[in-house]
1. Could you rank the peptides C:75-83, A:21-29, B:61-69 by their average count of other C-beta atoms within 10 Å per residue, with the highest value first?
2. Give the order of B:Val40, C:Val109, D:Val60 when sorted by the count of other beta carbons within 10 angstrom, beginning with the fewest.
3. In peptide A:77-89, what is the residue-averaged number of other protein chain Cβ atoms found within 10 Å of each Cβ?
4. Along the three principal axes, how long is the range A:6-66 when you take its alpha carbons, biggest first, rounded to the nearest angstrom?
5. Which pairs, out of C:Lys99/D:Lys32; B:Lys32/C:Lys32; A:Lys99/C:Lys32; A:Lys32/B:Lys99; A:Lys99/B:Lys32; C:Lys32/D:Lys99, put more than 25 Å between their alpha-carbon atoms?
6. Set the Förster radius R0 to 51 Å, insert the Cβ-Cβ distance between B:His68 and D:His18 as r into 1/(1 + (r/R0)^6), and round the FRET efficiency to 0.05.
7. Given labels modelled 7 Å from the Cα in the Cβ direction, how far is it in nm from B:Gln56 to D:Thr8?
8. Provide Rg and Dmax in Å for the range A:49-104, with only Cα atoms included in the calculation.
There are 4 protein chains.
Amino acid sequence: MTGPAEPTVEALRQRLVHFAAARRWEPFHTPKNLAAALSVEAGELLEIFQWLTPEQADAVMSDPERAHRVHDEVADVLAYLLQFCTAVGVDPLEALAAKIERNELRFPVPMDAVDAGENGVGVNSDVDDQPL
Amino acid sequence: MTGPAEPTVEALRQRLVHFAAARRWEPFHTPKNLAAALSVEAGELLEIFQWLTPEQADAVMSDPERAHRVHDEVADVLAYLLQFCTAVGVDPLEALAAKIERNELRFPVPMDAVDAGENGVGVNSDVDDQPL
Amino acid sequence: MTGPAEPTVEALRQRLVHFAAARRWEPFHTPKNLAAALSVEAGELLEIFQWLTPEQADAVMSDPERAHRVHDEVADVLAYLLQFCTAVGVDPLEALAAKIERNELRFPVPMDAVDAGENGVGVNSDVDDQPL
Amino acid sequence: MTGPAEPTVEALRQRLVHFAAARRWEPFHTPKNLAAALSVEAGELLEIFQWLTPEQADAVMSDPERAHRVHDEVADVLAYLLQFCTAVGVDPLEALAAKIERNELRFPVPMDAVDAGENGVGVNSDVDDQPL
């Protein structure tokens, strides 16, 4: 999924720091404001899908205008997430790695999935409480 | 901000793919559902801050219980963002790099910031339309 | 849909004012905090539906536990909307009436719907921009 | 806060039903889609406030352009809340009245507030768990 010149999360995070500093936007980048902005942008991503049928939603990237909006809103969500992490001093990759480890204990792989392979039926009944 | 064993975004993305596959949660991971889940988790991050004063919000990480919740919700937001990107085939790092480049053209650094250095006053008047 | 003792919006709004005043919560009820809280609660309503198929979602009220959560989250969203309106001095019913009037001009009823009655096909092609 | 010709919630709800029916938008108005749309609109209301200082946010209605947006987004949130309630058969006013009654038991008025009147200090320490 990635090309040779793939930027790292840390490089992008620092680029956003410089971008905001050059424009003197740092006073606005409080944890509370950035958490609000992240939520607003996640809403804009959802907006693309709100009236689509499941079938239309699954084919969203075959519509060039919608595909562009998806790229744009993914970028905005990630930007505000990284800026929020800068503001509170959290490493998002470490936070996610730790969470996956907790969830591997909390949601063990069901035995029928291990045993049954392709014959397995159904999904984890805990899906209401599905974490990831 | 990162340690020596820092996981990459791509490694975490693949780990989430395996996590969901082992639990047979893939049928739930449609683009529309994941966009909704991302928005819900961004709301849970915002919930931590909703009644805090700006001062309390800036000190959020000095409260151990709130700091834990922040780590947890950052992880959830990033998890759903990566799973959404898997579902639609978007590279989030490339999307963000492209967006930063567009925004560097759209929001040029104000000349008074370049000239004035520490004496510069005020902020970009375009902040209502602030992208990142 | 309403019983004989139906409370009015204005009576509920005032009851919420007294509820917050008695508990000295007014300092928290700034427009910005209440807009955040409204968004958080709307996310909690959406959370009920995030993993449901369209069929499960349509039958949400036949599950007593989900039905209770729906009532609860509808109440929370309306509570914060009314408290937000108190904080900014907006009458929500007048605002909606005015918006419906604007939208009746902006989205005229398509002629084929008027003419064709049951034979009409399709939906308004402006649905991407659907307001209400 | 209300004029003589104040519309009722029930009248507005029915007007929205007719508006959608005339435009054949009913197939889109599933509970899941409407919960998503409600969340998106609540995000648009929050967007108005995301970069404002508390002082700017408190004065939001003195800026005509922002005041217009506030009216518009309040209307959209209420519209989708009423359409959601139509789709699931919930009376929002009854739901809120029932919730206020539950919260009056859950969050009793602190005795120092009752006794101390204007001399009372501090706020309810349960505010992290503040419901309304």
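Quick note: the coordinates plus some simple rules give every number you see, no bench work behind them. Being a predicted model, the structure only gives us computed values, none of them experimental. Note: ideal-geometry Cβ built from the backbone for every residue, glycine included; neighbour counts use all protein chains shown.
1. Averaged packing, sorted descending, gives the order C:75-83, A:21-29, B:61-69.
2. C:Val109, D:Val60, B:Val40
3. 6
4. So the three principal-axis extents are 42, 29, 17 Å.
5. B:Lys32/C:Lys32; A:Lys99/C:Lys32
6. 0.55
7. 4.0 nm
8. 15.7, 40
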